[in-house]
Structure formats: C-alpha cells, structure tokens
Amino acid sequence: MATEEVVQPVAEEEIEERSTPNKDLASAFVIGLLSVLVIVFSIRLDMPGPFYTAPGLLPFFTGCTLLLMAIMLGKQAIRAGAAVNLSELPDDLTIVAKQLWSGEQDRRRFLLMVIITFYVLLIAFINFNFRIPTPLDFDFEISSYEVISVFVVTWILRMFWKASVQRCFIVTLTTVVMLTSIFRYGFGILMPETF
Amino acid sequence: MEALVSVQEQLLLFGQNPWLWVACLSGVTLGILWGAMPGLSTTMAMTLLIGLTVGMSQSVAIMFMLGVYTGSVFGGAISAVLINIPGTPDAVPTMIEGYALARRGEGGLALGTAISASFIGNWVGIVLLILFIPAVLFLALQFRSWEMFLLSLWGIAICGSMSSLDAPIKGWISGWIGLMISFIGLDAIHGVSRFTFSSYNLDDGIGFIPVLIGLFGLAEILRVLPQKSPPKISSEVGRVLPSLDALIKYVKPSFRSGIIGTVIGAIPGAGANVASFFSYDVGRRRAAEEEREKWGKGSYEGIVCAEVANNANVGGSMLPTMALGIPGNAPAAAILAALQLKNVVVGPLIQVENPGLIYFIYIGLIIANFFMYGMAIALIKPCVKLFSLPKALLMPLILPVCVLGAFAVNLNFFDVYVMLISGLIGYVLHRFGFPLAPLVLAVILGPLADENFRRALLVFEDVGVFNVLWDRKLGTVLLLVVLYTFYDGIFRRRGRKELS
C-alpha cells in the first residue's frame with residue numbers, strides 16, 4: 001500500500017540521488033586528499049601565542065577527523081561492493097565521472113553550468129551604465145547587469161523552455177526589469193559592477 | 001512585569017509602524033506563492049529573499065523574513081493537493097492524502113483543512129516557543145566557552161545525522177567541509193590569515209549568505225532545470241473551509257502533531273520534512289481503525305497530522321535559533337543570516353543585547369500566522385494559475401535573483417563568485433548523496449566553535465582533565481551527548497541496518 005512506502009522519515013533535504021559504492025569510494029578518496037591538504041596547511045600556519053590558541057589548532061583536528069571519516073566512508077563503500085584494487089581506482093573514478101555525464105540530461109546540465117559560469121564572468125568584466133531621463137523626474141537606469149541577464153536568461157529559456165525567441169525575450173526582459181527595479185528603486189541597492 | 005512592559009512596547013511599535021504589517025503581508029504572500037511552486041523550497045525562498053532585506057530597517061526585515069517563512073511552509077500544500085506535486089518536500093504526506101481527496105472532487109476542502117491545520121500548527125509552535133524559551137535561555141546563560149564549543153559541535157553533528165538518516169557519516173562530512181570553509185580568513189584571536197593564499201578577498205572570510213544562495217538556489221537550478229516533468233493542472237477547487245465540527249474532531253491529533261513538530265523543529269537539522277513524516281506516521285498508528293483504513297486513500301486526519309507538524313516546526317526551529325544562536329533547520333539558518341545582516345546577535349545574551357527582540361518575534365509570528373490564514377484562502381485560485389507554469393520557465397528566471405541576492409549583501413562581486421562555486425560544489429555533493437544543510441550550519445557555527453574551543457583550552461591550561469569534567473557538569477553532559485550522537489550514527493544505525 002502507498003502509505004507503507006512513504007512512512008519513512010526522510011531528511012531535511014530530499015536526496016533523490018542514491019549513492020553507489022563506487023561513488024562513495026570516489027568521494028572518500030577526494031575527501032581524504034582534501035583533509036590531508038588541510039592538515040598540512042594548518043601545521044604550516046603561524047603560531048603567535050601559546051599552543052592552545054594556535055590558529056591552526058581546530059583546522060588541524062577538523063582535518064584529522066575528516067580523514068578518519070573519509071577512511072570510514074571508503075571502508076563502508078568497499079564493504080558494500082566497491083572495487084578494492086587500488087590500481088583500478090583511476091579507472092573506477094573515470095567510470096564514476098562517465099556515469100555522471102553520460103545521459104542527455106547530464107550533458108544539458110553541463111552546458112547549463114558552462115553558460116552560468118559564462119554569465120557570471122560577463123557581468124564581472126563588462127561594465128556600463130546608462131541613465132535615461134523620464135518626464136517623471138527620475139532617471140531610468142540600464143546597466144550591463146540587466147543587458148547581460150536579459151540575453152543570457154533568454155538563451156537559457158530558449159534551450160529549456162523551447163518557446164520562440166521573442167517570447168523568451170519578452171518574459172526575461174519583463175522579469176529582469178521588474179527585479180532590478182525592486183532592488184534599485186525599492187531598496188536602493190546598487191547593481192553588480194555599476195559603481 | 002518586565003516582560004509585560006516589553007510586550008506593550010513592542011505592540012506600540014507595531015501600532016506606529018505600518019511598514020511592519022506591509023512587510024509581513026508581502027513576505028507571507030511571496031512565501032505562499034514560492035512554496036506553492038513545485039521545486040521551489042522554503043529554504044530557497046528564504047535564502048533568495050534575504051537579498052531584498054538589505055535595504056530594509058531591522059524590524060521590517062525581520063517581519064518580512066518571518067512572513068516568508070510562515071507562508072512558504074504552508075505554500076507547499078497547495079500544489080501537493082491540487083496537482084500531486086509537493087511544492088516543498090514536507091508536503092509529501094499532504095500530497096498523498098490531499099490529491100486522493102482532490103480526485104474525488106474534495107480538493108478545496110482538503111486545502112481548507114490544510115490551511116486550518118497550518119494555522120493551528122503555527123499557534124502550537126508559537127505557544128510552546130513562548131513557554132519554553134525562558135527555560136532554554138536560563139540554561140543557555142550557564143554556558144561558557146567550553147559549553148559553547150560543544151554545543152556548536154553537537155549542532156553540526158546532529159544536523160549531519162538527521163539530514164542524512166541512511167548514512168550519517170555523509171552528513172558529518174558535509175558539516176566538516178562547512179567547518180573548513182568557515183576557517184578561511186583572518187583568525188579572530190591573533191589575526192593570522194588562514195587558508196587565504198594571499199587573496200585580500202579571502203581575508204574577510206567566506207560569507208554564509210552567498211554560500212546559502214549557491215547551495216540552495218543555484219544548485220537547485222542545476223538539479224531541476226534539465227529534468228523533464230510537466231505538471232498537470234486541476235481546474236476544480238470546490239468548497240474550501242472545513243466546518244467547525246470537523247475541526248473539533250481533530251483536536252487530539254492536532255495537539256500531538258503540534259508537539260512533535262515543535263520538538264523536531266528545535267533539533268538542529270531535523271526540519272519540517274522530518275516533522276511532517278514522523279507526525280504522519282505516528283498519526284496513522286494512533287488513528288481509530290475506521291480512520292486508519294482511509295490513510296493513503298484520502299484522509300483528512302492525515303492532512304491535519306502532517307500540516308500541523310510542519311507548521312509547528314516554524315516555532316520550534318526558532319527556539320534554538322533565538323536562545324542558543326543555533327538554527328533549528330536550514331530556513332531558520334536563513335533567518336539567522338538575515339538577523340546577522342542587521343547586526344542582531346542572537347544567543348544566550350539575546351535579552352541583554354537586544355532587549356525586546358524575542359517579544360517582537362513572538363508578535364511577528366502571531367501576525368504572520370493570521371496573514372497566512374487569510375492570504376492562503378485568497379491565493380488558492382491565483383496559485384493554481386501560477387504553478388501551472390513549467391519549471392523550465394521558472395528556474396532560469398531565478399538565476400538573476402541568485403546573482404543579485406549574493407551581490408546585494410556586501411556589494412562585493414567576490415560574493416557572486418562564492419555563490420557560483422558553492423552552487424557547483426552543492427550540485428556535485430548532492431549527486432554524491434551528501435546533504436547540504438550541515439554544510440551551511442557549519443559555515444555559520446564554525447567561527448563560534450573555533451574561537452570558543454581555543455578560549456576554553458586557554459582557560460583549562462593548568463586544570464586537569466578530570467577537574468574539567470567534574471567542575472563543568474553541563475559541559476560534561478554536552479560532551480556525552482556529542483559522543484552519543486557519533487556512537488548512535490556509527491554503531492547503532494549500522495546494527496539496525498544489518499537487522500533490517
């Protein structure tokens with residue numbers, strides 16, 4: 001019965017992605033490396049006062065316990081059936097990476113990540129701001145943030161929503177202008193890179 | 001007497017400042033609309049709307065965020081009942097019962113029951129918050145550096161356990177990664193640069209608001225947008241408000257679910273999701289034979305159990321947030337972020353440092369609850385139209401909000417980079433089955449844990465371990481609680497897993 005299936009308390013966040021032993025082993029490997037780096041960097045930190053107040057003290061303990069957790073996660077993964085042979089680990093990591101980006105959905109997601117990164121970089125590096133006087137005794141402002149947002153979000157909408165370019169453009173333009181107007185005129189917040 | 005004067009002062013403040021009411025109403029409205037849209041969670045609403053509070057005064061910002069919180073927790077029920085898609089994860093039990101009723105043409109009544117149950121749930125949460133916060137505050141005032149460190153550590157550990165029930169170790173790893181992020185920047189005691197790699201931007205540390213927006217906003221866009229799941233809309237709403245007799249019938253499950261929701265809300269990491277499922281399960285076991293038959297096929301009592309619990313969770317999560325400075329769940333962490341943005345430091349000394357704030361929040365929650373009830377009824381029909389919009393349209397439009405939200409806090413573009421990287425990391429962590437709430441909690445609690453840990457060690461420099469354990473009994477109890485949390489996560493759950 002449906003009730004029986006759902007009466008399992010789930011966590012704060014819905015983790016729909018079920019982890020596989022290979023994925024866990026790969027995670028344990030990466031986290032283990034990260035923890036070793038943290039341990040090394042915390043040992044190298046300056047110690048201006050007594051040992052008890054050393055800036056690297058808690059980071060050091062955190063690194064050590066994280067390493068322990070990574071080992072435990074790795075052990076659990078191996079017990080659950082992940083590959084044990086260390087020489088096969090690079091191949092396993094490759095398989096995990098391939099699993100993550102194999103489907104069409106994942107390729108679209110990867111493209112989305114690239115577009116979003118491109119969007120953030122564009123806002124950071126292109127910088128202009130126009131003021132258009134209006135009869136209502138205030139200047140309407142258009143900044144690089146709005147222009148870039150309209151073009152990039154229209155592009156994303158076209159890709160995923162699949163409506164006509166004009167429709168995507170009008171929806172994006174309306175939303176971005178409304179949003180920036182609330183922030184700029186309503187709450188007096190400056191737009192990115194316009195000062 | 002002092003409390004009464006304080007309440008009077010706060011009431012006067014509400015009488016003099018109409019913007020408080022406007023902000024609360026706007027927050028509730030936005031929250032309901034946001035929560036009603038499938039895939040847009042309460043946490044996402046809270047984190048993205050923090051950016052808007054930058055330009056608001058302290059009290060207006062608090063009212064706005066309380067409104068968003070109250071509204072969005074209920075909002076999830078609307079799409080759950082009408083289109084069988086839970087707006088928020090905690091609305092899943094409501095969806096099971098509500099959608100079954102909606103298919104029988106009782107969708108309006110199912111929604112009305114959800115609205116009334118949410119209203120009752122909020123009241124239970126508020127009353128228990130008012131009753132228990134003085135006791136928790138009294139206890140919190142006994143806390144010194146050692147206890148504060150242990151409390152922060154326990155907060156992260158229990159959040160890790162609760163947010164990753166199958167594999168607590170993954171929750172802890174997520175929390176520990178958050179701790180490491182929190183160590184970046186100038187150290188609070190000596191001013192030594194830690195893990196900054198000579199970057200001036202990193203000297204100030206990593207702000208948790210961009211991290212929060214990245215993890216719950218951008219990561220969600222990356223997760224949801226490429227998926228294909230078009231929702232179908234039910235145009236029939238029907239009668240909405242339940243009769244008084246029907247409500248009286250559910251007094252007992254309401255009271256029980258309210259207590260469950262509040263208690264779970266007070267435990268860091270165990271959010272509305274855990275509360276609604278747990279209460280739903282307990283409700284099913286406790287229901288009369290005849291009523292139990294209806295569970296899963298359209299039970300009003302099931303809706304009451306789930307909705308009362310997830311709304312009582314709001315008040316419950318505010319308990320540790322206000323009294324200890326440790327958020328009860330991810331949306332409460334967003335409230336904490338909004339408060340810190342306004343230079344409000346919550347915790348054991350809240351009554352000293354911000355006299356009257358607690359009463360302000362009590363009144364704010366009560367007002368938000370009334371607004372939620374009114375707006376929920378008014379917004380049912382517009383919501384049906386709004387959430388018929390596909391995710392492929394909604395999600396890209398959230399992207400500029402993420403950028404603006406991250407930027408608006410410090411007007412520093414570096415925060416946008418932090419948001420971007422957090423979003424990418426958050427998505428990868430999600431795919432590898434790591435929960436994100438412990439990471440955010442640890443980024444918030446990390447500096448507190450670090451400073452107090454070193455201070456405590458300095459205080460204990462010439463004191464023996466046994467003396468520390470004997471003299472600091474509260475600390476010893478906390479230490480045992482922390483150890484038990486790890487023991488329970490590692491050994492007891494493994495045993496249970498093997499048994500099952």
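Restricting to region B:150-169, what's the tally of residues that are touching a Phe, Trp or Tyr at 6+ places or on another chain (Cβ under 9 Å) and within 7 Å of chain A (Cβ to nearest Cβ)? Looking only at that region, the number is 1. Given the structure, is B:Ala266 modelled with pLDDT under 80, within 20 Å of B:Ser163 (Cβ to Cβ) and away from chain A (no Cβ under 13 Å)? Yes, satisfied.
Restricting to region B:128-163, name every residue that is under 30 Å from B:Phe371 (Cα atoms) and in contact (Cβ under 8 Å) with a residue 60 or more places away in the chain.
Scanning region B:128-163 gives B:Leu128, B:Leu129, B:Ile130, B:Phe132, B:Ile133, B:Val136, B:Leu137.
Using the structure shown, decide if A:Ile126 is surrounded by 14 or more Cβ atoms within 10 Å (Cβ to Cβ) and either at pLDDT 90 or above or more than 7 Å from chain B (Cβ to nearest Cβ) (or both). Here the answer is no, as A:Ile126 does not meet what is asked. On the stretch given as region B:243-263, residues that are at pLDDT below 80 and touching a Gly at 6+ places or on another chain (Cβ under 6 Å) total 0. Checked against the criteria, B:Ala323 does not count as within 14 Å of chain A (Cβ to nearest Cβ) and in a helix (DSSP H, G or I). Only residues that are part of a helix (DSSP H, G or I), at the interface with chain B (Cβ under 8 Å from one of its Cβ atoms) and over 28 Å from the mean Cα position of the chain (by Cα) were counted in region A:35-64, giving 3. When region A:128-142 is filtered for residues that are part of a strand (DSSP E or B) and in contact with a helix residue (DSSP H, G or I) (Cβ under 8 Å, 6 or more places away or on another chain), the ones remaining, listed by number, are A:Asn129, A:Glu141.
Give me the residue from region A:92-106 that is charged (D, E, K, R) and surrounded by 11 or more Cβ atoms within 10 Å (Cβ to Cβ) and, out of that set, modelled with the lowest pLDDT. Ranking the candidates gives A:Asp92 first. Among the residues of region B:415-424, the one identified as more than 8 Å from chain A (Cβ to nearest Cβ) and surrounded by fewer than 19 Cβ atoms within 10 Å (Cβ to Cβ) is B:Ile421. Taking the criterion of being among the small types (Gly, Ala, Ser) and within 19 Å of B:Met56 (Cα to Cα), the residues of region B:334-350 that qualify are B:Ala334, B:Ala337, B:Ala338. Given the criteria more than 9 Å from chain A (Cβ to nearest Cβ), in contact (Cβ under 8 Å) with a residue 60 or more places away in the chain and under 30 Å from B:Ile366 (Cα atoms), does B:Gly178 qualify? The answer is no for B:Gly178.
Scanning region B:188-228 for residues that are without any contact (Cβ under 8 Å) to a residue 60 or more places away in the chain, surrounded by fewer than 18 Cβ atoms within 10 Å (Cβ to Cβ) and of a type in the set (Gly, Ala, Ser) yields B:Gly191, B:Ser198, B:Ser199.
Yes/no matrix, rows are residues, columns are (1) at the interface with chain B (Cβ under 9 Å from one of its Cβ atoms); (2) touching a Gly at 6+ places or on another chain (Cβ under 8 Å); (3) over 22 Å from B:Thr53 (Cβ atoms):
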| position | (1), (2), (3) |
| --- | --- |
| A:Phe151 | no, no, yes |
| A:Arg158 | no, no, yes |
| A:Val165 | no, no, yes |
| A:Ile170 | no, no, yes |
| A:Ile182 | yes, no, no |
| A:Gly186 | yes, yes, no |
| A:Leu190 | yes, no, no |
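I'd like to know if region B:270-285 contains one or more residues that are surrounded by fewer than 24 Cβ atoms within 10 Å (Cβ to Cβ), out of contact with any helix residue (DSSP H, G or I) (no Cβ under 6 Å at 6 or more places or on another chain), closer than 30 Å to B:Leu82 by Cβ and of a type in the set (A, V, I, L, M). Checking region B:270-285: at least one residue is surrounded by fewer than 24 Cβ atoms within 10 Å (Cβ to Cβ), out of contact with any helix residue (DSSP H, G or I) (no Cβ under 6 Å at 6 or more places or on another chain), closer than 30 Å to B:Leu82 by Cβ and of a type in the set (A, V, I, L, M).
In region B:147-187, the residue that is surrounded by the fewest Cβ atoms within 10 Å (Cβ to Cβ) out of those that are farther than 16 Å from A:Met69 by Cβ and among the aromatic types (Phe, Trp, Tyr) is B:Trp154. As a summary of the residue check, B:Leu141 satisfies the conditions (1) away from every other protein chain (no Cβ under 11 Å); (2) modelled with pLDDT of 80 or more except for the one numbered (2).
Looking at this structure, is B:Gly433 more than 27 Å from B:Leu20 (Cα to Cα) and surrounded by fewer than 21 Cβ atoms within 10 Å (Cβ to Cβ)? Yes, satisfied. From the list A:Arg158, A:Arg184, the one residue that fits, being among the basic types (Lys, Arg), part of a helix (DSSP H, G or I) and without any contact (Cβ under 8 Å) to a residue 40 or more places away in the chain, is A:Arg158.
For region B:439-457, state whether one or more residues are within 14 Å of another protein chain (Cβ to nearest Cβ), modelled with pLDDT under 85 and outside any helix (DSSP H, G or I).
Going through region B:439-457, the residues within 14 Å of another protein chain (Cβ to nearest Cβ) turn out to be B:439-443, B:445-457.
Right, trim to modelled with pLDDT under 85 and you get B:440-441, B:445, B:448.
Retained after the next criterion (residues that are outside any helix (DSSP H, G or I)): none.
No, there is no match, as no residue in region B:439-457 is within 14 Å of another protein chain (Cβ to nearest Cβ), modelled with pLDDT under 85 and outside any helix (DSSP H, G or I).
Yes/no matrix, rows are residues, columns are (1) crowded, with 24+ Cβ neighbours inside 10 Å; (2) of a type in the set (A, V, I, L, M, F, W, C); (3) in contact with a helix residue (DSSP H, G or I) (Cβ under 6 Å, 6 or more places away or on another chain):
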{"site": "B:Glu291", "(1), (2), (3)": "no, no, yes"}
{"site": "B:Cys305", "(1), (2), (3)": "yes, yes, yes"}
{"site": "B:Val308", "(1), (2), (3)": "yes, yes, yes"}
{"site": "B:Gly316", "(1), (2), (3)": "yes, no, yes"}
{"site": "B:Ala330", "(1), (2), (3)": "yes, yes, yes"}
{"site": "B:Ala333", "(1), (2), (3)": "yes, yes, yes"}
{"site": "B:Lys342", "(1), (2), (3)": "no, no, yes"}
{"site": "B:Pro348", "(1), (2), (3)": "no, no, yes"}
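Exactly one residue out of B:Ser59, B:Ser118 is of a type outside the set (A, V, I, L, M), closer than 24 Å to B:Asn343 by Cβ and part of a helix (DSSP H, G or I): that is B:Ser59.
Of B:Pro400, B:Pro435, which residue is part of a helix (DSSP H, G or I) and more than 30 Å from B:Ile120 (Cα to Cα)? Of the residues listed, the single one that is part of a helix (DSSP H, G or I) and more than 30 Å from B:Ile120 (Cα to Cα) is B:Pro400. The residue of region B:189-205 that is nearest to B:Ser422 (Cα to Cα), among those that are facing another protein chain (nearest Cβ under 9 Å) and not aromatic (Phe, Trp, Tyr), is B:Arg194. Checking each residue in region A:43-79 for being within 21 Å of B:Arg454 (Cβ to Cβ), touching a Ser or Thr at 6+ places or on another chain (Cβ under 8 Å) and small (Gly, Ala, Ser) picks out A:Gly56, A:Gly63.
The values are calculated or read from the model by the stated rules, or taken from the named source; none is laboratory data. Keep in mind that this is a model prediction, so the values were computed, not measured. Ideal geometry is used to build each Cβ from the backbone, glycine not excepted, and the neighbour counts take in all protein chains shown.
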